[in-house]
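Asks: The structure under discussion is supplied below as structure tokens; questions concerning it will follow.
The values are calculated or read from the model by the stated rules, or taken from the named source; none is laboratory data. Everything quoted here is computed from the prediction, not taken from an experiment. Here Cβ is always computed from backbone atoms with ideal geometry, including for glycine, and neighbour counts include all displayed protein chains. For the accessible areas, the whole protein counts, side chains as well, though only heavy atoms, and no ligand, DNA or RNA atoms are used. Shrake-Rupley method; radii C 1.70, N 1.55, O 1.52, S 1.80 Å.
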Amino acid sequence: MSLTAERAAIAYRRHHRLRRTPALRRLVAETRLAPAAFVLPVFVDARIDAPTPISSLPGHSRWPVSRVAELGERAARAGIGGLLLFGLPREKDDRGENAADPLGPVPAALRVLRARVPDLALVADVCLCEYTTHGHCGVVQKDDGQLDNDATLENLGRLALSYARAGADIVAPSGMLDGFVGFLREGLDEENFDRVAILSYAAKYASAYYGPFRAAADSTPAFGDRHGYQMDPANVREAMREVALDVEEGADIVMVKPALAYLDVIQRVRERFDLPVAAYAVSGEYAMIKAAAAAGMIDEERAMWETHLAIVRAGASIVLTYFAKDLARRMR
């Protein structure tokens with residue numbers, strides 16, 4: 001039995017019409033990726049003189065200050081929106097005091113990048129885990145091994161000022177400390193850095209997906225874990241409270257981390273808060289795709305696209321991702 005044209009129009013819509021060719025699918029796509037929305041994580045190592053491949057993150061290297069501008073120039077040519085800088089110092093101590101050294105890896109890299117790629121947004125991660133001998137995100141109390149929140153804030157304040165003086169456009173406190181956004185905002189404003197923005201790791205979960213990063217940044221905790229200050233993966237209402245507090249304290253951008261396992265959190269944040277929402281597609285997400293593709297289990301390019309479309313579709317307007325270079329290259 002055949003349907004007349006009139007009955008067919010009533011019976012069902014012809015959705016396949018707009019899926020028929022790549023050009024039609026591109027034309028009606030509801031979610032679009034753009035290189036300008038990507039931020040590329042970069043590891044700057046004060047101990048090396050040449051780029052050194054990172055085994056846990058295939059395709060990425062640790063960069064010496066003397067060469068980091070090469071990466072910045074490539075990112076700028078590809079249209080990538082910005083870089084997120086992490087530093088590996090020559091020496092560590094139990095309080096992370098070297099983090100604020102104006103001659104340290106991140107301030108030095110910021111000055112070089114500011115001069116060579118002035119139009120690139122430069123984001124400096126504000127945390128102490130790469131600078132402490134124990135690998136925790138701040139000062140640890142000797143009596144019980146717990147993070148000393150307020151003592152850590154003092155160190156982070158000095159760190160943020162060091163980065164602002166070196167030319168950071170954005171400082172990104174990532175340790176999930178109570179009151180860290182307000183503390184940094186007040187300190188920056190007092191020193192006339194009111195134009196420096198704060199990207200808060202507002203909902204950062206205690207995740208299993210951080211392993212490759214910790215190897216790359218040499219920041220694996222020597223004892224215990226970070227569940228006492230990072231968020232429980234079971235909670236979303238708590239994430240809303242965390243984000244609300246950071247917005248109240250002056251955050252300019254809020255972040256959900258990791259991204260793919262927390263798409264529901266990204267969506268909830270996007271619906272509730274009217275400011276830019278970032279999501280960090282973390283090292284474990286990147287490494288899983290790379291490993292599965294290397295084993296012939298998935299198509300790397302398709303998985304890369306699908307993953308990042310999901311993150312943006314959920315509501316992220318900024319994506320920090322180790323795939324930034326690959327995505328941007330394929331968009332040109």
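Asks: Taking the chain as a Gaussian network, Cα atoms linked when under 10 Å apart, which of Leu275, Leu113, Leu159 shows the biggest mean-square fluctuation?
Replies: Between Leu275, Leu113, Leu159, it is Leu275 that shows the largest mean-square fluctuation.
Asks: Count the net charge of all other residues whose Cβ sits under 14 Å from the Cβ of Leu320, scoring Lys and Arg as +1 and Asp and Glu as -1.
Replies: +1
Asks: Of all DSSP beta bridges in the chain, what percent run antiparallel (nearest 5)?
Replies: In the chain, approximately 10 percent of DSSP beta bridges are antiparallel ones.
Asks: Count charges around Ala69 for me, please; just the other residues with Cβ under 12 Å from its Cβ, Lys/Arg as +1, Asp/Glu as -1.
Replies: +3
Asks: Against the longest principal axis of the chain, how steep is helix 180-190, in degrees 0 to 90 to the nearest 10, with axes from Cα atoms?
Replies: Helix 180-190 sits at roughly 70 degrees to that axis.
Asks: So between Leu103 and Leu27, what do we pick up on full extension, going 0.36 nm a residue minus the alpha carbon distance?
Replies: That works out to 22.4 nm of additional length.
Asks: For the chain, with a Gaussian network of springs between Cα atoms less than 10 Å apart, report the residue from Val126, Val44, Val236 with the top mean-square fluctuation.
Replies: Val236
Asks: What residue among Thr21, Thr307, Thr52 shows peak mean-square fluctuation when the chain is described by a Gaussian network model with Cα springs under 10 Å?
Replies: Per the Cα network of the chain with a 10 Å cutoff, Thr21 tops the list.
Asks: 7 Å from Cα along Cα→Cβ at both Val236 and Ser317: what's the point-to-point distance in nm?
Replies: 2.2 nm
Asks: Hey, another quick one. Measuring with a 1.4 Å probe in the full set of protein chains, what accessible area per residue, in whole Å², belongs to the stretch 56-185?
Replies: Value for the stretch 56-185: 36 Å² per residue.
Asks: Report in % the part of the accessible area of the chain that belongs to carbon and sulfur, leaving out ligands and nucleic acids; probe 1.4 Å.
Replies: 50 percent
Asks: Shifting gears a bit: Taking a quarter of the surface of the Cα convex hull of the chain, what do you get in nm²?
Replies: 20.4 nm²
Asks: Just grab the label-to-label distance for Ala151 and Arg195, each label 7 Å out from Cα along the Cβ direction, in nm (one decimal).
Replies: Label at Ala151, label at Arg195, 3.7 nm between them.
Asks: I need the calculated FRET efficiency for the pair Arg329 and Arg20, taking r as the beta carbon distance and R₀ as 30 Å, to the nearest 0.05.
Replies: 0.60
Asks: Between Arg302 and Ala208, what length comes free when the chain is fully extended (0.36 nm per residue of separation minus the Cα-Cα distance, one decimal in nm)?
Replies: Going from the current span to full extension adds 31.4 nm.
Asks: Okay, next question. What's the longest piece of the chain with no exposed chymotrypsin sites (Phe, Trp or Tyr not before Pro), counting a site as exposed if DSSP puts it in a loop and it has at most 13 other beta carbons within 10 Å?
Replies: Segment 13-222 is the longest.
Asks: While we're on this one: Can you list residues from other chains, or at least 5 along the same chain, whose modelled amide H is less than 5 Å from the amide H of Met231?
Replies: Residues meeting the criterion, in which the H sits 1.01 Å from N, are Lys204, Tyr205, Ala206.
Asks: Could you give the accessible area per residue of the stretch 203-332, probe 1.4 Å, as a whole number in Å²?
Replies: Result: 46 Å² per residue.
Asks: Something else now. Could you give the C-alpha radius of gyration of the stretch 1-134 expressed as a fraction of 2.2 N^0.38 Å, taking N as the number of residues it contains?
Replies: So the Cα radius of gyration is 1.71 times the expected 2.2 N^0.38 Å.
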